[in-house]
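*Asks:* First the structure, then my questions, so here it is.
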Amino acid sequence: STMRERKMTDPLHSSTDLSEGQEKLRLKQEVGLISGVSLIAGTMIGSGIFMSPEWVLHHMGNPASSLLIWAACGLLAMFGALSYAELGTIIKESGGEYIYILRIFGSFPAFLFAYTSVILVRPAGLAAVCLSFAEYAIAPFYPGCSSPQVAIKCTAAACILILTIINCLNVRLATSVMNVFTAAKLLALLVIVVGGLVLLAKGQTQSFQNGFQGTTAGIGAVGVAFYQGLWSYDGWNNLNYVTEELKKPEVTLPRALMIAIPLVTCLYVLVNVSYLAAMTPSELLCSGAVAVTWGDRVLGSWAWLISLSVALSTFGSSNGTFFSGGRVCYIAAREGHMPDILSMAHVRCLTPSPALLFTSAMSLIMIISGSFTSIVNFFSFMAWLFYGMTISGLLYLKIKKPELPRSYKVPIIIPIIVLMAAVYLVLAPIIDQPQIEILYIVMFIFSGIIFYFPLVRFKYHPRFLQRVTLHLQLLLEVAPTTRVAN
């Protein structure tokens with residue numbers, strides 16, 4: 001059948017044990033504390049800190065309040081991550097929000113999440129990161145002026161196609177690319193932080209005088225500023241997608257979060273201070289690529305190093321986003337919520353090539369039809385809608401099922417704060433500046449009903465879908481992988 005409940009394993013993270021002539025595939029628990037910190041910080045530090053500062057400043061109106069937004073975003077990400085840590089010690093399964101919604105609220109809302117995530121949210125995140133990569137990759141070719149949108153979009157599309165090839169051909173190559181490029185992003189941020197401290201020591205503090213003058217008071221503008229800031233922190237929940245692969249998840253999960261997120265928050269605030277030390281607020285707002293402008297002001301003839309470092313950083317981040325993009329798809333297919341073909345692996349490369357190809361196609365469509373800031377706002381609205389649902393599930397478990405075993409407990413006030421923030425982030429832009437696009441997003445989420453009831457609830461599988469699956473298997477050279485129960 002095209003959709004059915006099957007027991008599978010992810011070929012990317014499986015080990016093979018032979019026992020009595022029978023092959024057993026199971027997830028390996030090999031992610032320790034250092035790897036966990038690296039996974040969170042490496043995913044969070046991507047394109048946002050190089051693209052979002054001008055938009056946060058634009059919506060807040062002045063430097064001091066924009067710095068407060070960056071710090072508040074880090075605190076909110078920390079609270080959300082700690083709430084997810086308790087969920088991860090109660091429900092010790094990979095899959096993040098999808099598996100939590102499935103186990104707490106049931107099949108229907110979990111399907112709506114998977115349907116929305118696989119088709120829109122994940123591809124939107126990848127498209128935004130690739131657009132920022134393109135912005136910095138071609139900026140040196142257009143000095144003193146903005147890069148043409150056609151050139152930016154073509155470069156972003158080429159980035160996605162290269163990532164597709166890398167991830168479909170070899171898993172080890174994809175992970176090696178991410179490790180190498182993580183070093184580039186850390187180097188770029190450290191150079192910017194040190195340069196900013198030198199400028200402040202020389203007395204360049206004009207941007208911080210009367211720092212709160214002209215602060216924006218509208219709830220919608222503040223909400224959109226949070227969207228842009230929180231985009232830079234996206235990835236705080238990534239460790240929950242690999243819970244089954246953590247060594248001692250009850251210990252590793254909360255500890256990794258408590259190290260990684262404060263570290264990234266401090267880096268982000270210091271980088272923004274450095275930007276404002278090198279540029280006036282008006283100059284920062286006019287910059288199409290903030291880090292490149294900073295490099296021109298501070299490094300002079302060596303400014304090309306910043307463009308190169310940021311391009312490498314965002315490419316590595318997009319590779320990480322692409323690499324993990326098929327996980328929800330795989331888990332959903334394992335639970336019978338997605339087509340079989342999206343959970344299959346290439347018979348020789350052992351990569352989830354159908355899921356990767358699908359994500360690639362959807363990301364290309366979003367690059368053609370959207371800009372960086374519009375995609376980020378759209379992504380953030382949908383993400384925080386489901387974050388709020390997941391956090392409400394944690395509150396339900398804390399109140400109604402306190403007897404469930406959990407090795408880590410977060411104070412109940414923390415998930416309450418996160419839920420209130422999620423409600424604000426979802427409703428504020430709607431109340432302040434209602435846009436027809438929000439209605440389209442909500443309509444798309446509930447359009448999943450059309451597919452859920454016939455294909456999942458009543459298990460109706462037209463014959464032509466079975467034939468399509470078979471032909472795609474032959475064309476893509478893919479097959480399902482089975483997991484034998486221990």
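The values are calculated or read from the model by the stated rules, or taken from the named source; none is laboratory data. Remember, predicted model here, so these are calculated numbers, not experimental data. Neighbour counts are summed over all protein chains in view; Cβ atoms, including those assigned to glycine, are modelled from backbone coordinates with ideal geometry. When the accessible area is computed, the model is the full protein with side chains, heavy atoms only, and any ligands, DNA or RNA have been set aside. Shrake-Rupley method; radii C 1.70, N 1.55, O 1.52, S 1.80 Å.
*Asks:* With the requirement that a residue be among the β-branched types (Val, Ile, Thr) and either farther than 29 Å from LEU189 by Cβ or open to solvent by 20 Å² or more (accessible area, probe 1.4 Å) (or both), what does segment 307-327 give you?
*Replies:* THR321
*Asks:* Same structure, new question: Just one of the numbered conditions (1) open to solvent by 40 Å² or more (accessible area, probe 1.4 Å); (2) part of a helix (DSSP H, G or I) is not true of GLY393; which one?
*Replies:* (1)
*Asks:* Say we look at segment 144-164 and pick out the residues that are open to solvent by 50 Å² or more (accessible area, probe 1.4 Å) and modelled with pLDDT of 90 or more; which of these is farthest from LEU350 (Cα to Cα)?
*Replies:* Here the residue is CYS154.
*Asks:* While we're looking at this one, here's another question. Going by the structure shown, is ILE414 crowded, with 24+ Cβ neighbours inside 10 Å, more than 30 Å from ILE162 (Cβ to Cβ) and touching a residue at least 60 places away in the same chain (Cβ under 8 Å)?
*Replies:* Numbers: crowded, with 24+ Cβ neighbours inside 10 Å: no; more than 30 Å from ILE162 (Cβ to Cβ): yes; touching a residue at least 60 places away in the same chain (Cβ under 8 Å): yes.
No: the conditions fail for ILE414.
*Asks:* Now, a different point. Could you check, for segment 381-389, whether at least one of its residues is farther than 24 Å from LEU253 by Cβ and at pLDDT below 80?
*Replies:* Yes: one or more hits.
*Asks:* Please count how many residues of segment 442-461 are of a type in the set (Val, Ile, Thr), surrounded by 16 or more Cβ atoms within 10 Å (Cβ to Cβ) and closer than 20 Å to LEU385 by Cβ.
*Replies:* Total meeting the criteria: 1.
*Asks:* Additional query: If you take the residues of segment 61-105 that are part of a loop (DSSP other than H, G, I, E, B) and of a type outside the set (D, E, K, R), which of them is modelled with the highest pLDDT?
*Replies:* ILE91
*Asks:* Another question, if that's okay. Search segment 462-486 for residues being among the basic types (Lys, Arg) and modelled with pLDDT of 75 or more, and hand back the single one that is surrounded by the fewest Cβ atoms within 10 Å (Cβ to Cβ).
*Replies:* Across segment 462-486, the extreme among qualifying residues is ARG463.
*Asks:* Please pick out the residue among ILE375, ILE341 that is assigned to a helix (DSSP H, G or I), at pLDDT 75 or above, crowded, with 19+ Cβ neighbours inside 10 Å and among the hydrophobic types (A, V, I, L, M, F, W, C). Show your work before the answer.
*Replies:* Working: ILE375 fails: at pLDDT 75 or above.
Exactly one of ILE375, ILE341 is assigned to a helix (DSSP H, G or I), at pLDDT 75 or above, crowded, with 19+ Cβ neighbours inside 10 Å and among the hydrophobic types (A, V, I, L, M, F, W, C), namely ILE341.
*Asks:* Follow-up question, since we're still on this one. Under 7 Å between Cβ atoms, which residue pairs at least 6 apart in sequence (or on different chains) link something in segment 194-209 that is more than 22 Å from SER65 (Cα to Cα) and in contact (Cβ under 8 Å) with a residue 12 or more places away in the chain with a partner that is open to solvent by 70 Å² or more (accessible area, probe 1.4 Å) and assigned to a helix (DSSP H, G or I)?
*Replies:* From segment 194-209, no pairs qualify.
*Asks:* While we're looking at this one, here's another question. In the set LEU267, LEU187, which member is closer than 18 Å to ALA77 by Cβ and modelled with pLDDT of 75 or more?
*Replies:* Within the list LEU267, LEU187, the selection yields LEU267.
*Asks:* Looking at VAL193, VAL198, which is the one that is open to solvent by 10 Å² or more (accessible area, probe 1.4 Å) and closer than 19 Å to ILE45 by Cα?
*Replies:* The conditions single out VAL193.
*Asks:* If only one of GLY80, GLY88, GLY96 is within 17 Å of the chain's Cα centre (by Cα), surrounded by 21 or more Cβ atoms within 10 Å (Cβ to Cβ) and more than 15 Å from GLU335 (Cα to Cα), which one is it?
*Replies:* Working: GLY88 fails: within 17 Å of the chain's Cα centre (by Cα); GLY96 fails: more than 15 Å from GLU335 (Cα to Cα).
Residue meeting the stated conditions: GLY80.
*Asks:* Also, quick follow-up: Taking segment 396-411 as the search range and keeping residues that are open to solvent by 80 Å² or more (accessible area, probe 1.4 Å) and of a type outside the set (D, E, K, R), which one is modelled with the lowest pLDDT? Don't jump to the end; show me each part of the working.
*Replies:* From segment 396-411, those open to solvent by 80 Å² or more (accessible area, probe 1.4 Å) are 396, 399-400, 403, 405, 409; that's our starting set.
If we keep only those that are of a type outside the set (D, E, K, R) as well, we get 396, 399, 405.
Values: TYR396: 93, ILE399: 91, PRO405: 84.
So the residue we want is PRO405.
*Asks:* Within segment 269-306, count every residue that is under 14 Å from PRO140 (Cα atoms), among the aliphatic types (A, V, I, L, M), in a helix (DSSP H, G or I) and open to solvent by less than 30 Å² (accessible area, probe 1.4 Å).
*Replies:* Final tally of qualifying residues: 4.
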